[in-house]
Amino acid sequence: MSPALKTLDIRDTLDLSQRLLRQLANGVCTFEEFASSLILLLANASEAALEPCTALLSPELARAFLTFLEEHLVKVDFKPCPKPLMVGPFSEDEIEAKKRQLRPKYMRLYELVLHRRQSALSMPPHQAP
């Protein structure tokens with residue numbers, strides 16, 4: 001069995017999420033690079049970090065990120081290839097086990113971003129975060 005990567009705590013995850021947001025805002029990375037990095041970051045984060053990190057997304061960014069998640073998570077039944085999150089040699093059984101392990105977290109991420117987008121849409125424009 002391959003060794004597991006260390007799960008990030010909430011503070012580290014928030015700091016890294018904010019750094020990714022700054023890089024996107026400053027044109028250091030593309031939206032696709034941002035979205036891919038954020039998915040990998042949150043997949044390796046504690047469950048408790050998901051909600052505060054998705055709350056950092058502006059309504060426009062939440063909408064774009066939701067579209068990205070639909071393309072990269074929903075289309076594969078919330079079981080994308082986990083190899084970027086695995087260390088060392090691993091078997092096909094370990095890859096499938098990791099997909100099953102991460103599926104609930106990816107589903108929760110999708111739900112949070114969907115809720116973020118929907119709640120932002122229901123706010124009057126002057127109150128939207």
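The values are calculated or read from the model by the stated rules, or taken from the named source; none is laboratory data. Quantities reported herein were computed from a predicted structural model and do not represent experimental measurements. Cβ sites come from the backbone with ideal geometry, for glycine too, and all protein chains shown count toward neighbours.
Per-structure values
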| item | result |
| --- | --- |
| Qualifying residues in region 105-117 (those that are free of Cβ contacts under 8 Å to residues at least 60 places away in the same chain and under 15 Å from residue 72 (Cα atoms)) - the one surrounded by the most Cβ atoms within 10 Å (Cβ to Cβ) | 113 |
| Residue in region 42-52 that is out of contact with any helix residue (DSSP H, G or I) (no Cβ under 7 Å at 6 or more places or on another chain), exposed (fewer than 15 other Cβ atoms within 10 Å of the Cβ) and of a type outside the set (Lys, Arg) present | no |
| Residue 57 vs. criteria within 13 Å of the chain's Cα centre (by Cα), closer than 26 Å to residue 19 by Cβ and in a helix (DSSP H, G or I) | no |
| Residues that are surrounded by fewer than 14 Cβ atoms within 10 Å (Cβ to Cβ) and not in a helix (DSSP H, G or I), drawn from region 86-98 | 87, 88, 89, 91 |
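One line per residue, one yes/no per condition, for (1) crowded, with 16+ Cβ neighbours inside 10 Å; (2) of a type in the set (Ser, Thr, Tyr); (3) at pLDDT 95 or above:
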{"position": "78", "(1), (2), (3)": "yes, no, no"}
{"position": "83", "(1), (2), (3)": "no, no, no"}
{"position": "119", "(1), (2), (3)": "no, yes, no"}
{"position": "127", "(1), (2), (3)": "no, no, no"}
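Conditions (1) over 15 Å from the mean Cα position of the chain (by Cα); (2) assigned to a loop (DSSP other than H, G, I, E, B), marked per residue:
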{"position": "81", "(1), (2)": "no, yes"}
{"position": "84", "(1), (2)": "no, no"}
{"position": "100", "(1), (2)": "yes, no"}
{"position": "104", "(1), (2)": "no, no"}
